[in-house]
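All remarks here apply to the structure that follows.
What follows is calculated from the coordinates using simple rules that are stated; it is not laboratory data. Just so it is clear, the model here is predicted, and its values are computed rather than measured. Ideal geometry is used to build each Cβ from the backbone, glycine not excepted, and the neighbour counts take in all protein chains shown.
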Amino acid sequence: MNLATQAAVVRTPGGPFELEQVWLDVPKADEVLVRIEAVGICHTDLSVRAGRTPGPLPAVLGHEGSGVVEAVGPAVTRVRPGQRVVLTFASCGGCPPCREGSPVRCEHWPALNLYGGARLDGSATLWAADGSPLHGHFFGQSSFAGHALASERNAVPVPDGLPPELLAPLGCGVQTGAGAVLNVLRPGPGETLVVFGAGGVGLAAVLAARLTAATRILVVDLLPARLALALELGATEVIDAGAEDAVTTVRRLTGGRGAEHALETTGSVRALRQAVECLAVGGACGVVGAPPAGTEVALDVPALLGRAPRILGINQGAARPARFLPALAELVRSGRLPVERLVRCYPFAEIERAAEAARSGEVVKPVLVLT
């Protein structure tokens, strides 16, 4: 029997989040039903709502959910009712990258997470109160709702004892920023990391960089308040991109050598070009910021040949969530990853106010609380 639950529905590009009763399908064999306790708002949610990122509407968005498992399908073995879980991106589990242990490279990733609006077999998970179908399964969860369906692959058990509002952002924003640093770039002693963008992903990268042996952590942004927060969270220096040239400043601070590592989190063409240009010879630039589809970046090819940088597309922190999310949760519990410094909580009914706080930059990571 389908479950009635409240959800925030977006019906038209640029339209509001409308709180409605919806019907949620029963779990299929490998699925779990999760009662959502908290869900973060990510700029990807807002980009799809605005129509800047392709995604089928009407839909229930939301992809940073945390909550408690209420029911499981008959083939589920990794989670059980009553467990607290963090919801993350979806993967098929059967393609070669998934079988090799790299779900972020799943061959069905776009359909499962962004553009499909349904299960991979095309079946719907959500219906409006009048029975008309809604697009769901956003990042395999559609967690702007009282309940969500996920697969056991993207519902990751975590220990009890942490507030759900601190667990929710781990599933995307924190995983993306922290994972890019800890799983891919891995700055070492004497090395410099430059983070372009002091949003949720960029500041999560700063928090993670504090856990490495990096000597210098630089943050580039336009907002003075975000730069001040970056310093409080562990950045060694900050660069106001509206007042100084980031490349020139990075080279000055590194004695002309440049940075061994850069991470571009904003989706800005200018920032990506600067992130590459500020690198030392043989340095690595991780790219996690997502501009609109079709965006192109012009780079100086002779400089690329001469300086041999590596430009790395990094999806979801290159994480294996089943391992990485519990590790992040433990870092939060121990106080070594203080994500509470990024979070401001809002009641679910105030989703529009929370979304505007994210859009304007007033709040780093708004989290909707449903408990």
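Key figures
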{"read-out": "Inter-probe distance in nm under a simple model that places probes 7 Å from Cα toward Cβ, at residue 296 and residue 50", "value": "2.4 nm"}
{"read-out": "Per-residue [θ]222 nm for the chain (sum of -39500 (n - 2.57) over DSSP H runs n ≥ 4, rounded to 500)", "value": "-6500 deg cm²/dmol"}
{"read-out": "Residues whose placed amide H lies under 5 Å from that of residue 71, excluding near-sequence neighbours", "value": "33"}
{"read-out": "Local electrostatic count, residue 158, Cβ distance below 13 Å [Lys/Arg +1, Asp/Glu -1]", "value": "+1"}
{"read-out": "Translational diffusion coefficient (Stokes-Einstein; Kirkwood radius from C-alpha pairs) of the range 174-316 at 37 °C, 0.692 mPa s, in µm²/s", "value": "226 µm²/s"}
{"read-out": "For the range 113-176 versus the range 246-276, the gap between their alpha-carbon centres in whole angstrom", "value": "35 Å"}
{"read-out": "Packing rank of 124-135, 228-239, where each peptide gets the mean count of other beta carbons within 10 Å, highest leading", "value": "228-239, 124-135"}
{"read-out": "Antiparallel bridge percentage (DSSP; both residues within the chain; nearest 5)", "value": "55 percent"}
{"read-out": "Residues listed by number, the range 122-161, amide nitrogen under 14 Å from residue 6 label point at 7 Å toward C-beta", "value": "144-147"}
{"read-out": "Cα centroid separation - the range 311-369 against the range 1-48, whole Å", "value": "18 Å"}
{"read-out": "Structure-derived mean projected area of the Cα convex hull in nm² - corresponding label in (1) 22.3; (2) 17.4; (3) 19.5", "value": "(2)"}
{"read-out": "Exposure proxy ranking, count of Cβ atoms within 10 Å, fewest first, for 43, 261", "value": "43, 261"}
{"read-out": "In Hz, Karplus ³J(HN,Hα) per residue of the range 141-157 (6.51, -1.76, 1.60; θ = phi - 60°; x = Gly, Pro)", "value": "8, 6, 9, 7, 6, x, 9, 9, 9, 9, 8, 5, 6, 10, 10, 9, x"}
